[in-house]
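This report refers to the structure that appears directly beneath it.
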Amino acid sequence: MENVREKILDVSRELFLAQGYKKTTTRQILARAGIKNGTLYHFFRSKDHILLHLAANLFDEASAIVEALAGKDPVLQYTIAMNLEFYAIEKHERLAEMFYEAYRSWTVLEFLVQKGAQRNRLLFEALNPGFTDQDYYVRTMAIKSSIYGFIADRYHKGSISYQDKTSAILELTLSLFNVPAQDLKKAIKKADDILEKETIVISGFSI
């Protein structure tokens, strides 16, 4: 049964990236996967629920790549993660739409905020020993809301540059999690050097 679940996710990702999330129907997913309606809904409640699981897989895959590139440096990890997310949507139109629809869905956004808050606690707890889980959740929601605005701009207009987006989000993070300015400057320089040298593939996309 696990193979069927993975097949549904693989087929859905292929369709979302080939023709867009909005244009993909559950009927198309059923036909491509060669399954019946009941089988799909045994695993996933809706198309949004499929997108949630794809977002979860992407988050875990990207987190593993970031940790391999940045090691244990928390500010560098965060900087590389932000750069990858914005560069991915800048480079790939379909990924931009997928990210846009993911952030528009409360089901997916809430998941991303919760996972992001957990990651941010691990990264920045030493700088903020008095912060509660709620503090991390609220600050991560503020950051994710800003990211959604930039993704929406990319999807609809593309008027804000990659550099301006990453700079604004990193400055916001610095202020919300009390990251020393000199640490962020070093991390930005190091992240740029790493990403220039590395070929990174996430979910089949070269970034």
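The values are calculated or read from the model by the stated rules, or taken from the named source; none is laboratory data. Nothing here was measured: the structure is a model prediction, and the numbers come from that model. As a convention, Cβ positions derive from the backbone with ideal geometry for all residues, glycine included, and neighbour counts pool all protein chains shown. Remember, those area values only see protein heavy atoms, side chains included, never the ligands or the DNA or RNA. Shrake-Rupley method; radii C 1.70, N 1.55, O 1.52, S 1.80 Å.
Observations, loosely collected:
- Converting phi to 3J(HN,Hα) with the Karplus coefficients 6.51, -1.76 and 1.60 and the offset θ = phi - 60°, region 94-103 yields 5, 5, 4, 5, 4, 5, 4, 5, 5, 6 Hz in sequence order, with x at every glycine or proline.
- Using θ = phi - 60° in the Karplus curve 6.51 cos²θ - 1.76 cosθ + 1.60, the 3J(HN,Hα) couplings for region 54-67 round to 5, 5, 5, 5, 5, 4, 5, 5, 5, 4, 5, 5, 4, 5 Hz; x is entered for Gly and Pro.
- Taking a straight line from the alpha carbon of LYS190, these lysines sit under 17 Å away, with near neighbours fewer than eight places off in the same chain left out: LYS72.
- Cα lying deepest toward the dipole's positive end in the chain, options TYR162, LEU174, SER12, charges on Cβ: SER12
- Listed residue pairs exceeding 27 Å between alpha carbons, taken from LYS165/LYS186; LYS157/LYS197; LYS165/LYS189: LYS157/LYS197
- Reachable lysines, given that their alpha-carbon falls under 18 Å from the alpha-carbon of LYS23 and they are not under 8 places away in the same chain: LYS47
- Residue-normalised accessible area of region 37-81, expressed per residue, 1.4 Å probe, Å²: 44 Å²
- Of the residues ARG104, ARG119, the one with the largest accessible area comes first in the ranking ARG104, ARG119, computed with a 1.4 Å probe on protein heavy atoms.
- Rg ratio for region 3-59: its Cα radius of gyration over 2.2 N^0.38 Å, N being its residue count, equals 0.99.
- Translational D in µm²/s for region 70-110 (Stokes-Einstein at 37 °C, 0.692 mPa s, Kirkwood Rh from C-alpha pairs): 289 µm²/s
- Across region 32-49, coupling constants 3J(HN,Hα) worked out from phi with the 6.51/-1.76/1.60 Karplus curve, θ = phi - 60°, read 5, 7, x, 10, 9, 3, x, 5, 4, 6, 5, 9, 9, 6, 6, 5, 4, 5 Hz, and Gly and Pro carry x.
- Summing Cβ point charges (Lys, Arg +1; Asp, Glu -1) relative to the Cα centre of the chain gives a dipole of roughly 660 debye.
- Debye, to nearest 20: dipole size of region 95-207, +1 on Lys, Arg Cβ, -1 on Asp, Glu Cβ: 60 debye
- In degrees, nearest ten, helix 106-124 long axis to first principal axis of the chain (Cα): 30 degrees
- Under 12 Å, Cβ to Cβ, from VAL75 - net charge with Lys/Arg +1 and Asp/Glu -1: +3
- Whether region 100-207 is rounded, prolate or oblate, judged on the alpha carbon gyration tensor where a/c under 1.5 counts as rounded: oblate
- In percent, rounded to a whole number, the relative contact order of the chain is 23, using alpha-carbon pairs under 8 Å and six or more apart.
- Mean residue ellipticity at 222 nm, helices only, the chain: -26000 deg cm²/dmol; runs of at least 4 DSSP H residues each add -39,500 (n - 2.57), and the sum is divided by the number of residues.
- Relative contact order computed over region 10-120 (Cα-Cα under 8 Å; 6+ residues apart), in percent: 31 percent
- Taking the 1.4 Å solvent-accessible surface of the chain as the whole, the part contributed by carbon and sulfur is 52%.
- Proximal charge balance of TYR87 [Cβ under 12 Å; K/R count +1, D/E count -1]: -2
- In degrees, nearest ten, helix 181-197 long axis to first principal axis of the chain (Cα): 50 degrees
- Taking amide H as placed 1.01 Å from N in the peptide plane, the amide H of ILE202 sits under 5 Å from that of ILE207, each at least 5 places away or on another chain.
- Summed side-chain charge close to GLY116 - residues other than GLY116 whose Cβ falls under 12 Å, Lys, Arg +1, Asp, Glu -1: +3
- Per-residue extension of 0.36 nm, minus the Cα-Cα distance of THR26 and PHE59, leaves a gain of 9.5 nm for this segment.
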